[in-house]
Amino acid sequence: MRKESLCEGIRRIDSDADYWEFVETVYSLESDSLESELDVYIDHRNEPILDWADNEFLEDGKGYELDELDEEDDKDSEVSMKMEYEHEWDDEDEHTFDKTVRDPFLDKLSGHISDDDEEEANNGKLKDVVFPVHNENQEWEQMVPVLGMKFSNPLELKLCITNYAVKNGYDLWYEKSDHERLLVKCCKGKTNKQGKGCPFRLWATWMSSEKSFQIKSLNDMHNCARVFKFGSIVTYKWIAKHFMNHILQKPKMSIRKLKAKVSKKFNLIASVGQCRNARKYAFQEIEGTLKEHYAKTWSYGEEIRRTNPGSTVKMDVDVMPDGTTYFSKFYVCFKGLKDGWIEGCRRVIGLDGCFLKGICRGQLLSAIGRDANNHIYPIAWAVVSVESKETWKWFINLLIEDLGMGVGHGLTLISDQHKGLLEAVKERVPAAEHRQCARHICANFLKRFKGQVFRKLFWYAAAATTPAKFEQHMNEIKKLEPLAYDHLMERDPKTWSKAFFQTDRACDAYENGISESFNSVIEVARKRPLITMLEEIRIYVMERLYRQKIKGQSWDLTICPTIRLKLSKLKDLQRFWKVIPSGYQQYEVRLGYDAYVVDIGSRTCACRTWQLTGYPCVHGYACIASLNRDVQELHQPIAPKRRRLPGRPSTKRKRDQIERENQGKKHSITKRGSVMKCSICRESGHNRTTCPQKPIGESSNASSKKKKSKKADKVKVVLAHEVDIDSDSEVEIEPESDVDSFDLEFEDDVQPEVEDGVEPEVQDGVQHEVQDEVQAEVEPENHPEVHDANQVEVHLAVQAEVEPEVQVQVEDANQIVVQDQVEIPAFQVVVGKRARKPSERITKLKIRKMWEGKQGSSDDNPYELD
């Protein structure tokens, strides 16, 4: 605004009212001869000029504020390009207005400095001007030709001019058009009332030095009215480029519909010929892209094999006699999918085919399984040129080979009534159960026999789980129309009724809903070119399986959520059924006139639903609830039974002899690798036991002799007397009798002494037992018994002295009676000699504790040897 300071006089032009205020201010300058110019600041990219003006604090050199200045000084504060501001910025905070350098829009509106000023600023050298460059990725509504704008070729400039004309309704035409020059004018042959035509003129030429097409002159003023018919400037190629995606998604779109869409979107009138040519040109462009897609199918298959080892990718082509190769079939089965189906899915597969809706011709065959949660699980898919018996047989062969199902034992297939598929299944997997989709059978049935009664009875018969129920509903159909009954029986009820399904599949599905769901999900992908469609399917399957894996890891359940939901519905229905026990885990469940036998142990029910689905039916649920048990208990495994092995269980691992040798802990010398020789003949190949030169009277059981000899050297002495044993004493008993079998072995190999010809008692030459129980004096009749030559027990109860009269009696002929005086000296333990046997150490320790506990010392022992 005039005669006002910057911070008070600047105005923002936001609306039409602000604009007209600005125009009135400009026209008011004409009446003032002194001032005929108005300074204007153009704000671009939201420069904060208004905030700067509000916070401005102007001072003069003396520090006075702007309000205190005179009116003459106030005029000097007006915004002018010829005058300086009253304030100056500090050197550190100096603001440079260079943010809009090289901006195409601002270069147009900022104006240009005079040649003199530019020459003076550049020391007499003209500064290079930077011209804008066309952006081909810009929206078509925003394309505007600008003076000096550069294009890579004339086609880009023509596209820009066409978009500019259609957006604003200008009737532009080309007066000159070739690869080096272009002249564009408006309203050919049209003039206004004054006889003048539209002044718009655009001239562009090719710049060989810069290899670009540049607008050299431009008059963008128009005085013409809007038009809706643009003539030759709007070509069929321009229409085809804008509607390429629409034609790709709907290749069967009619020309009239295309013309209506063009008129609605661009507000113009297009001819039928333009739309026909545009559709034809779009198909030509798409076919060129399809050739590239089909040419890269080999490379796409190899890339799948490289990034997914173990995956199966098969491609089949048709070679013509002239050598031309045509695409025929393409099969994909990822290793992760087939491994997942083998490990954790039901043995039920849905087979189905669907048409490709895009520019690609053919059909997509798919094999969809069911996971443990009863959700869809894609296994494999293939693109074929046509759905036939040969293509289905080729697909099933590859599928069964990947899954390892042989001829189909334990496998269930669900499909529609395609004849080629039915025949291919019979030839390739004859042992598999083949179910037909009941929905397709019902649709064909109702085409011939219309009525809701037939629809209702058909689904009753299909859902019947017992043959009796099936016959009941089929007889009702037969009463209404015998031809309808015959029609359904010809379709083989074993393939579409639950009453005849096999019971070891854990799936009672009688319709192929899983395949239909998969086809519906990939509907958008089926409109894309070949490789694009295959990649969309792969990404969808990969993301779906990843989400299922994350959900499965968060489940802390024995039963999957979908099955749990079905059981929760049965929980509300089971309370109407009466449960009658009839045996061990066997019950009869009744409701009205219906009765079913349930066996919880074998998990069966007379209705066959439990056997078909794998989880309890309403009758089984009622029996389990009557026992106050949870259904989950039937699905929870228990720990296996413990098998107790003979002997004491070992807590340590038994090490092999090689391990002990490697660790350096050898307790015995191994004979591994050595050649055994006989001790009699000194020949190898046998031992002493099997030697042919062995003496006749020698026993073959050498081990028993060794055991007996070892036992013969053992002597067990049991002392019932209190004997003083000194730690330095030595045991020494020397017999004087002639009985050689009486051999007593004590520590340090010291033999006991027997005086005065006392002979011990020997029984059977095996065991000797000497018992001497004397309190103060030994009575003359004391009979020690000897039972085994390998063991001698001596019971002594000596406290003071032992009388010399001891009687030894022999019970039979093998026993020897010895009566003599026996003097038993004190035992002396020799330290530092051979290692005692465990029985000897325990015996001596026991004797020592007994003696020291009662006598206190060995000094009082009257039998201590000198």
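The values are calculated or read from the model by the stated rules, or taken from the named source; none is laboratory data. Keep in mind that this is a model prediction, so the values were computed, not measured. All Cβ positions, glycine included, derive from the backbone under ideal geometry; neighbour counts span all protein chains shown. The area values use the complete protein model at the heavy-atom level, side chains included, leaving out ligands, DNA and RNA. Shrake-Rupley method; radii C 1.70, N 1.55, O 1.52, S 1.80 Å.
See the values below:
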item: Net charge, E516 excluded, C-beta distance under 13 Å - Lys, Arg +1, Asp, Glu -1; result: -3
item: Counted charge near K578, where neighbours are those whose Cβ lies closer than 12 Å (Asp, Glu -1; Lys, Arg +1); result: 0
item: Sum of side-chain charges, G353 neighbourhood, beta-carbon under 15 Å (Lys, Arg +1; Asp, Glu -1); result: 0
item: Too-long pairs where the Cα-Cα distance tops 19 Å, listed order kept, from K338/K419; K329/K357; K329/K389; K158/K229; K252/K280; result: K338/K419
item: Burial ranking of peptide ranges 526-538, 573-585, 477-489 (average Cβ count within 10 Å, highest at the top); result: 526-538, 477-489, 573-585
item: Solvent-accessible heavy-atom area per residue, rounded to whole Å², over region 428-472 at 1.4 Å; result: 50
item: Highest to lowest packing among 541-552, 497-508, 375-386, scored as the average C-beta count within 10 Å; result: 375-386, 497-508, 541-552
item: Accessible area of T205 in the full protein assembly, 1.4 Å probe (Å², nearest 10); result: 30
item: Tensor-based shape of region 519-603 (alpha-carbon gyration tensor, a/c under 1.5 rounded, otherwise prolate or oblate); result: prolate
item: Radius, Kirkwood style, for region 504-651 when every pair of distinct Cα atoms is counted (Å); result: 19.4
item: Global form of region 368-482, assessed from the alpha-carbon gyration tensor, a/c cut-off 1.5; result: prolate
item: Sorted peptide list for 339-352, 447-460, criterion being average Cβ within 10 angstrom, highest first; result: 339-352, 447-460
item: √(5λ) per eigenvalue of the Cα gyration tensor, region 567-619, largest first, Å; result: 15, 15, 10
item: Solvent-accessible area, 1.4 Å probe, carbon plus sulfur percent, for region 482-550; result: 51
item: For region 455-585: lysine pairs under 15 Å (alpha-carbon distance), excluding those fewer than 8 apart on one chain; result: 6
item: Rounded, prolate or oblate (a/c below 1.5 giving rounded, otherwise prolate when a/b exceeds b/c) for region 136-217 by Cα gyration tensor; result: oblate
